[in-house]
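First comes the structure, then the notes that go with it.
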Amino acid sequence: MVLDRKVLVCFGEALCKIAANRDFPLGLRQISFLRLYLYLTYWNLAAVILKQFIKKHWQEGDESFEHPVVSVEEKEVIRRLLVASLDDSQRKICTAVSMAIASIAAYDWPEAWPDLLPALLNLINNQTNINGVHGALRCLAFLFGDLDDTLVPTLIPVLFPCLHKIISSPQIYDKYLCAKALSIVYSCTSILGTMSGVYKALMAPMIKAWMDQFSVILEKPMQPEDPEDWSMRMEVLKCLNQFVQNFPTLAENEFRVIMGPLWQTFVTSLRVYIRSSVEGTEDPYEGRYDSDGSEKSLDSFVIQLFEFLLTIVGCSKLKKVVQNNLKELVYHTIPFLQITENQLHNWSMDANQFVADEDEVTYSCRISGALLLEEVVSSCGREGISAIIESVRERFSESQQEKAAGSAIWSRIREATLYALASLSEQLLEAEASGLASINLGTLVEQIVTEDIGIGVNDYPFLYARVFMLVAKFSSVISHGILEQYICAAIKAVGMDVPPPVKVGACRALSQLLPEANTGTIQPLLIGLFSSLTDLLHQASDETLHLVLETLQAAIKAGHEVSASVESIISPVILNIWALHVADPFISLDAIEVLEAIKNAPGAIHPLVSRILPHIGPILDKPNQQPEGLVAGSLDLVSMLLKNAPNEVIKASYDACFDAVIRIVLQSDDHSELQNATQCLAAFISGARQEVLAWADDSTFTMKSLLDAASRLLDPDMESSGSLFVGSYILQLILHLPEQMAQHIQNLITALVRRMQSAQIAVLRSSLLLIFARLVHMSAPNVEQFIDMLVSIPAEGFANSFAYVMSEWTKQQAEIQGVYQIKVTTTALALLLSSGHHELGKVNVQGHLIKSTAGITTRSKAKLAPDEWAIVPLPAKILALLSDEVIEIQEQLDDNEANDWEEIYEDDEESDKSLLYSAAAASVGRTTFDQLEAMAQAFNENQDDEDGAYLLCVADPLNEINLATYMADFFTKFSYTNRQLFQHLCQSLTQAQKDAIQTVLMR
């Protein structure tokens, strides 16, 4: 092995000598450099994989050093030859050399290689050796990819003047080299970004010079078919973006000098973009890259331009610079949203690609331009909305004129205008509803869609599709007559021989419009729509399949009795699609949702269940013989059937599948099968309750099987993913089989603690904490006994299970999601604190963050200690968490209500101590504020229960708790009955937490 390492060192030196010899053929030299890079990369990977192998052998004296060592002389030869080869005229050689230097520099520079930067600067400053300038810039670009915010500030004072000299000398250096120099400026300012306040003084003297130079580059009109110029301007925009984001005050002082040139670039780039990308009369260089791998396309430049404009509009210090010209900004942005010639070709050939791009799966000028318009509305309010509406009206009028004049592409600007309007639908509708702006959206949209209702579907398919989607977006402000007209047109379009984009637009519109459609109008058309959509399912693939299933689901929900009559036609088709795509979680879920919609149609559930269960039972009985994904998918299907099902359906499912589901939980090692089987068991318990035992021939054996399933899922050695939904399952057991579970509670708690301590997934720990919280409620009013039980159970690394559970609970509480989960855990914490148990005072838990290692992670920072937290008594932490929950509830109020709350205590001049003392003496019997009900309602509306959470709360009375009222009553009672403790704990709260408590106590 020693010999092998020495050979490697000699091999590296030999490769350098061959590659550096310019008398050898390019191919040989290039292969040598590539091998050298791979050789160095091998060392670099070894350093990571084999415990920093290079660090052990590259530098003697390192604490982890092991023999043999690469000698100083050998390293010097390699480094010297590499630097000497940077001015090679072959750019591929330069790239390989630069990669090799960066690999070594990661270990040797700057300490062991102090002359590297001077050598690179010498090359940069040598105007007679342009190849050397290129090589040095390329090398620096690689080096800055691995630097941190401690080294960069020392380099900027010597490096930036050299880079500025290149950029300001276009008569010497070409645009390619200027772009490379700018890319290094961008890298430097990006690295400084997280510490911009610290480095403000460093950047201040340089900002003006850079801004002046940027203005010189941007003020020249954009030229077509000049990708080098686009690349250089793009780097300028990236640098400007960093300046504005990281040093907004400095940039603001010098920003006006850039606005004129920036506008010149913006306006002239539009002309180039339309000719190159929209009309396709010039080359947009799409998908082309330079020798260094950087994209040269016009699209990439325009996207960067929009990103910078978005930064300006969103910056409070700079948006005032553009606020007086918002109309012009929006007006010129809309044409960038036009469908390009390339998109027109691709979307016409592949409807799937059209759907994917519409869903913003890919990034484009169209999407980035729409994001800019959204920022205009968000940041500029009424003025922004006015600019949008005025520009839309003007562009729409222009498209009418172009159409009348016989323009061949009038429909593209019309479609772009509609696309812009539709992209902003939520913001515009909200603004009109709130009175922020008087837009009269309904009149505007009706004018547009009425104008376009007679256009040829085959001549302008994308415009026709956009009209459908626009109607759906603004359905709430469109008259019923026009709405019904377009719903009927969309239903007919789905079944007609029209271009695929039209069908896509029709499906998108119907998926949104059908749920609110007039039943009398659509009922006669639904049978035909079902037939058309079923036919489309046979032709669809990927994204279009998702869209058709989504539309079919909406149609079934709107169909009511009609849907049940076609169950026998639709269900087999959907089940076939489900089976074909069962391994695809998105398509299979879509199919199950369609089947669920059929199940919920009046009179459809029994024939659907009769159709599904005979096939699902055998699959689950022999899981090892099934194709990948079929067992997990079948379990999902059964869970869907059980959801809100009548008793006879649950019984039929029990007879067909229950025993098989238990066996899967006990025997399977597949995580998907375990997760879905766990959820299926939870659904059985939730639906059948005690009858799950009554239906069994041996109820004792069934109960034992349920407990065995819980035991396996709580096995601390099982991977966390397999146990992910065990919390939901156990919660159903304790809620619906309380008598049977009572005798196993202590063993259950022991298993829960062991599973929590081995869990690698935070969501799993949170779900198990919910069980502890529910057990707290079940133990009330004897919460002290539950605490005693936890104290009696050991926990590894902690004094007892109570100390461990509370340590984990107080860390996780802020991350718990879902209305039901938050209600149960929050109120359980209040019960624990109210108990006054002496063990509460013995436990210390994690408090506030003292020191964080957040920021750029560098090698030096990686050696630092992890985040440091204060340690606080458990009662103080619980009170702080409860106060935070009140703050969270208050934030659900709208601004006016929030202001009313603030006025309650803003006029009070007493000190916090006096106020809290006074509040503590208040009568326990007083009612809470009227706003409490509004707070609770807002809280419920703004929370989202997912992942089958209906199972958790469907039969739990705790779900009926008004959390706002509960919290007010708790604080009132606790402050009255435990006045001394209450005031002591309040001393550790933040001002915001004190204010929150004060708000609910001052009644």
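The values are calculated or read from the model by the stated rules, or taken from the named source; none is laboratory data. This is a predicted model, so every value here is computed, not measured. Every residue, glycine among them, receives a Cβ derived from its backbone with ideal geometry; neighbour counts consider all protein chains shown. Keep in mind that these areas ignore ligands, DNA and RNA; they rest on the heavy atoms of the full protein, side chains included. Shrake-Rupley method; radii C 1.70, N 1.55, O 1.52, S 1.80 Å.
Exactly one residue among Ala898, Ala880, Ala919, Ala876 is of a type outside the set (Phe, Trp, Tyr), part of a helix (DSSP H, G or I), in contact with a Leu (Cβ under 7 Å, 6 or more places away or on another chain) and at pLDDT below 75, and that residue is Ala919. Candidates in region 513-554 are the residues that are at pLDDT below 95 and among the charged types (D, E, K, R); of these, the one that is surrounded by the fewest Cβ atoms within 10 Å (Cβ to Cβ) is Glu516. Selection over region 444-458 of residues that are under 36 Å from the mean Cα position of the chain (by Cα) and over 22 Å from Pro499 (Cβ atoms) gives a count of 3. Here is a check on your reading of the model: is Tyr107 surrounded by 19 or more Cβ atoms within 10 Å (Cβ to Cβ), out of contact with any Asp or Glu (no Cβ under 9 Å at 6 or more places or on another chain) and at pLDDT below 85? Answer is yes for this residue. Restricting attention to region 492-512, the residues that are more than 12 Å from Tyr464 (Cα to Cα) and either open to solvent by 10 Å² or more (accessible area, probe 1.4 Å) or among the hydroxyl-bearing types (Ser, Thr, Tyr) (or both) total 7.
The criterion of at least 3 residues that are touching a residue at least 40 places away in the same chain (Cβ under 8 Å), open to solvent by less than 10 Å² (accessible area, probe 1.4 Å) and farther than 30 Å from Leu326 by Cβ is met, among helices (runs of 4 or more DSSP H) falling completely within region 165-267, by 175-192. Kindly evaluate Arg712 against the criterion of being at pLDDT 95 or above, part of a helix (DSSP H, G or I) and open to solvent by 20 Å² or more (accessible area, probe 1.4 Å). When the stated conditions are applied, Arg712 passes them.
Note on region 377-413: residues that are touching a residue at least 40 places away in the same chain (Cβ under 8 Å) and under 30 Å from Lys320 (Cα atoms) amount to 21.
Of the residues Val376, Val392, Val355, the single one that is more than 17 Å from Met469 (Cβ to Cβ) and in a helix (DSSP H, G or I) is Val376. Taken together, Leu547, Leu537, Leu525, Leu510 contain a single residue that is under 15 Å from Ile598 (Cβ atoms) and of a type outside the set (Lys, Arg), which is Leu537.
Scanning region 800-836 for residues that are open to solvent by less than 30 Å² (accessible area, probe 1.4 Å) and not in a helix (DSSP H, G or I) gives Asn800, Ile816, Gly818. Filter region 646-695 down to the residues that are hydrophobic (A, V, I, L, M, F, W, C) and either open to solvent by 30 Å² or more (accessible area, probe 1.4 Å) or not in a helix (DSSP H, G or I) (or both) and list them by number. Within region 646-695, Ala652, Ala656, Leu666, Ala694, Trp695 qualify. For region 735-773, the candidate set comprises residues that are more than 21 Å from Gln817 (Cβ to Cβ) and of a type in the set (Val, Ile, Thr); within that set, the residue that is farthest from the chain's Cα centre (by Cα) is Ile745. Looking for something under 30 Å from Gly435 (Cβ atoms) and open to solvent by 40 Å² or more (accessible area, probe 1.4 Å) - is there at least one such residue anywhere in region 359-372? Yes - at least one qualifying residue is present in region 359-372. Here is the figure for region 392-416: residues that are small (Gly, Ala, Ser) and under 32 Å from the mean Cα position of the chain (by Cα) total 1. When Glu839, Glu796 are checked against the criterion of being open to solvent by less than 30 Å² (accessible area, probe 1.4 Å) and among the acidic types (Asp, Glu), Glu839 stands alone in meeting it.
Filtering region 83-133 to residues that are under 27 Å from Tyr289 (Cβ atoms) and either among the basic types (Lys, Arg) or part of a loop (DSSP other than H, G, I, E, B) (or both) leaves Ser85, Leu86, Asp87, Asp88, Ser89, Gln90, Arg91, Lys92, Asn129. Scanning region 420-434 turns up no residue that is assigned to a loop (DSSP other than H, G, I, E, B) and over 27 Å from Gln323 (Cβ atoms). If you go through region 696-709 and keep only what is open to solvent by less than 10 Å² (accessible area, probe 1.4 Å) and small (Gly, Ala, Ser), you end up with just Ala709.
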